[in-house]
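Asker: Can you keep this structure in mind? I'll have questions shortly.
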Amino acid sequence: DAGVTQSPTHLIKTRGQQVTLRCSPKSGHDTVSWYQQALGQGPQFIFQYYEEEERQRGNFPDRFSGHQFPNYSSELNVNALLLGDSALYLCASSLLGYNEKLFFGSGTQLSVL
Amino acid sequence: TQLLEQSPQFLSIQEGENLTVYCNSSSVFSSLQWYRQEPGEGPVLLVTVVTGGEVKKLKRLTFQFGDARKDSSLHITAAQPGDTGLYLCAGGLNNDMRFGAGTRLTVKP
């Protein structure tokens with residue numbers, strides 16, 4: 001049983017570019033949440049997807065957008081990258097209503113130069 | 001301002017010592033979770049505490065939820081180098097989980 005998988009594991013971009021990160025949830029899970037973790041900080045909630053719709057959103061600008069597909073996999077898109085977007089981006093899956101049981105992927109390390 | 005404040009931010013101890021880390025908030029949570037994160041990996045859930053005053057034990061780790069469900073502590077007995085990592089607490093808010101900044105623990109052999 002595969003856990004949460006994320007791709008790519010590492011990514012280097014330059015300011016102003018756009019990036020797409022991908023996540024496949026744990027088998028049987030229907031909800032995907034995305035978090036940004038800056039160096040030395042805890043994960044910061046970006047948004048959560050269920051049934052292909054954004055259910056909740058944290059304090060992130062519209063440059064951050066997402067999508068969930070019918071197979072529950074998800075993408076995180078970031079436009080007009082800034083140096084401050086450099087971080088580890090974590091995807092977590094769960095069952096709707098069971099947010100206290102999040103399963104995390106290993107993350108995508110994004111570096112913006 | 002963090003919704004969940006964790007202390008200390010950093011902790012470096014020798015193998016065999018005991019330690020306690022704290023997670024505090026002004027908000028009441030229906031549950032609190034503790035995660036451990038190692039470098040290059042995502043956080044891994046250790047425990048969920050639900051009832052005020054609840055104490056849960058996981059081998060050498062003891063977790064306690066405050067009576068008012070605003071705070072929690074994690075006590076490690078006889079720490080080992082394998083306990084090294086970032087310990088994060090998280091609480092549910094509006095159907096999503098919010099994390100503290102974590103306590104970075106280093107256990108030296």
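Asker: Taking only C-alpha pairs under 8 Å that are 6+ residues apart, what is the relative contact order of segment A:5-112 in percent?
Answerer: Relative contact order, segment A:5-112: 36 percent.
Asker: Scaled to the compact-protein estimate 2.2 N^0.38 Å, what is the alpha-carbon radius of gyration of chain B, rounded to two decimal places?
Answerer: Against the empirical 2.2 N^0.38 Å value, I get 1.01 for chain B.
Asker: Next question, about the same structure. How big, on average over all directions, is the shadow cast by the Cα convex hull of segment A:5-112, in nm²?
Answerer: Mean projected area for segment A:5-112: 6.1 nm², to one decimal.
Asker: To the nearest 100 Å², how much accessible surface do chains A and B cover up together, summed over both, with a 1.4 Å probe?
Answerer: Using a 1.4 Å probe on protein heavy atoms, the buried area is about 1500 Å².
Asker: Under a 1.4 Å probe, what is the accessible area of chain A per residue, stated in Å²?
Answerer: Dividing the accessible area of chain A by its residue count gives 48 Å².
Asker: Lysine pairs in the protein assembly as shown 8 or more apart or on different chains: how many have alpha carbons under 20 angstrom apart?
Answerer: Values: A:LYS26/A:LYS101; A:LYS101/B:LYS56; A:LYS101/B:LYS57; A:LYS101/B:LYS70; B:LYS56/B:LYS70; B:LYS57/B:LYS70; B:LYS59/B:LYS108.
Close lysine pairs found across the protein assembly as shown: 7.
The values are calculated or read from the model by the stated rules, or taken from the named source; none is laboratory data. Remember, it's a predicted structure, so these values are computed and weren't measured experimentally. Surface accessibility is based on the protein's heavy atoms, side chains included, excluding ligands, DNA and RNA. Shrake-Rupley method; radii C 1.70, N 1.55, O 1.52, S 1.80 Å.
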